[in-house]
Every structure is written in C-alpha cells, then in structure tokens.
1. Do the conditions hold for Gly86, that is, is it outside any helix (DSSP H, G or I), within 27 Å of Met134 (Cβ to Cβ) and small (Gly, Ala, Ser)?
2. Please go through region 27-60 and give me each residue that is more than 24 Å from the chain's Cα centre (by Cα) and either aromatic (Phe, Trp, Tyr) or buried (at least 18 other Cβ atoms within 10 Å of the Cβ) (or both), ordered by number.
3. Can you confirm whether Arg194 is in contact with a strand residue (DSSP E or B) (Cβ under 9 Å, 6 or more places away or on another chain) and not assigned by TED's automatic domain parsing to the domain that holds Thr83?
4. Would you be able to tell me the number of residues in region 105-131 that are hydroxyl-bearing (Ser, Thr, Tyr) and either at pLDDT 85 or above or farther than 24 Å from Ala164 by Cβ (or both)?
5. Among the candidates Thr81, Thr66, Thr74, which residue alone is in a loop (DSSP other than H, G, I, E, B) and either closer than 19 Å to Leu95 by Cα or assigned by TED's automatic domain parsing to the domain that holds Met128 (or both)?
6. Limited to region 144-160, what total is found for residues that are acidic (Asp, Glu) and more than 23 Å from Gly124 (Cβ to Cβ)?
7. Out of the residues in region 102-140 that are under 23 Å from Ala78 (Cβ atoms) and of a type in the set (A, V, I, L, M, F, W, C), state the one that is farthest from the chain's Cα centre (by Cα).
8. Only one residue in Arg64, Arg24 is among the charged types (D, E, K, R), surrounded by 15 or more Cβ atoms within 10 Å (Cβ to Cβ) and modelled with pLDDT under 90. Which one?
Amino acid sequence: MPTGVALRDVREQLFGAAERILLRAGPDALTSRAVTTEAGCAKGVLHRHFTDFDDFLIELVQDRITRIRLQADTLYGAAGTGTVVGNLADALTELFGSVAVAIVSLVIFRDELRARLRRTQPTGIPMMREAATMVADYLSRERDLGRIAADADIDTLAPTVIGAGHLSFADRTAPPDAPEVHRMVSTVLAGVLRQ
C-alpha cells in the first residue's frame, strides 16, 4: 500500500471500511489489516490515528451512538405529527436498516471491546441502550400529547420496541418490509395507542 496517499477524512474513511466489512462478513472478519485494506490505505494510518484496534472500535461505536442521539432529536421532534406507529417504524428502519445490528454483534463478539466500553458506559449494550432511550423519550412526549395512554409503562415499552425491532432486522439478507415493521410496532403498542 502506498503511504503517501492523502486521505480527506481518515476517521470516516476507516469507519466506513469497518462498516462494510461488518455488513459483508461479520465481526470475526474485522481486523486492522482488513479495515485498512478496505479503506485503501496503509496499515500504519489506522495506528497513527488510534492507540490500538480496540481504541478504533470504541471510537466507531461512540460515533454511531452520536448518530443515534441525532436521530433521537428528529424522532422527538416528530411527536404529535403523523402516527405514533409510523414514526416509530420509520425510526426503527433507519436505525436497524443501517449498520447498527452489525455493531451490536461486534460489541457482543469482542470481549475486550465490551470491557473497555463498560468503563464509561457501565450498563446495557451500547447503541441498544441509546436506542431504547430514544424510543422512551419519544413515547413519553406522545403520552404528554395524549396519543399514548396516560398509564402506559414507557420503561417496559421502549426496550420491547427496540428488542422486537432488533430481532426483526437481525440476521436477514434483506430488511423486513415497511408493512412488517408497522405490524410489529402496532402489536407492541396495541394496548396504549390513543389515535
């Protein structure tokens, strides 16, 4: 590999390469050599920007968590518009239609990565925890607007929606279609919708 090739945004290029490998071949195929080869750069590039490969993976996970937080702002802003089921189905499709399912597998697969993430995030599975918070905040807002029952157990509903969504998207060659995602969300929320 040539070392003199200029890289515009090294982190994003390396993160994108890691995501493509995860989607194509799973977490066991993810190595520093595989990432730099996929990114089209010298192996030393990764180690110039990250302490070690697990540091790179931690940064990848944290970057994707930041994206979930941005998505959460959008979902929260949608409260009171459209339908609750439609808003959540769209959010789940955006969340799990991306590389999120593969990154959750990576966190579960790599003991050292999980241990290092626990130092700053001691509970839950990274990304899934933030996704559940996103759904809980949205459902709470919809409850305040009267579109969800006042006695709805948001702390149970949010992880249930995320868990069902994750299972719907995980280990498939193609994501579920929109009606299937809507049906799943409708079923989970059936007892609390007030629309």
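1. On the way: outside any helix (DSSP H, G or I): no; within 27 Å of Met134 (Cβ to Cβ): yes; small (Gly, Ala, Ser): yes.
When the stated conditions are applied, Gly86 does not pass them.
2. Across region 27-60, the qualifying residues are Cys41, Val45.
3. Details: in contact with a strand residue (DSSP E or B) (Cβ under 9 Å, 6 or more places away or on another chain): yes; not assigned by TED's automatic domain parsing to the domain that holds Thr83: yes.
So Arg194 fits the description; yes.
4. Quick first cut of region 105-131, residues hydroxyl-bearing (Ser, Thr, Tyr) only: 105, 120, 123.
Narrowing the set further to residues that are either at pLDDT 85 or above or farther than 24 Å from Ala164 by Cβ (or both) leaves 120.
Qualifying residue count for the region: 1.
5. Details: Thr66 fails: in a loop (DSSP other than H, G, I, E, B); Thr74 fails: in a loop (DSSP other than H, G, I, E, B).
Checking each option against the conditions leaves just Thr81.
6. Restricting attention to region 144-160, the residues satisfying the condition of being acidic (Asp, Glu) are 144, 151, 153, 155.
Pick out the ones that are also more than 23 Å from Gly124 (Cβ to Cβ) and you get 144, 151.
Final tally of qualifying residues: 2.
7. First, the residues of region 102-140 that are under 23 Å from Ala78 (Cβ atoms): 127-140.
Subset that is of a type in the set (A, V, I, L, M, F, W, C): 127-128, 131-132, 134-136, 139.
On the way: Met127: 5, Met128: 7, Ala131: 7, Ala132: 10, Met134: 11, Val135: 13, Ala136: 15, Leu139: 19 Å.
Checking each candidate, the answer is Leu139.
8. Numbers: Arg24 fails: surrounded by 15 or more Cβ atoms within 10 Å (Cβ to Cβ).
None of the others qualify; the one that does is Arg64.
The values are calculated or read from the model by the stated rules, or taken from the named source; none is laboratory data. Note that the structure is predicted; figures quoted are calculated from it, not measured. FYI the Cβ positions are ideal-geometry reconstructions off the backbone, even for glycines, and counts take in every protein chain you see.
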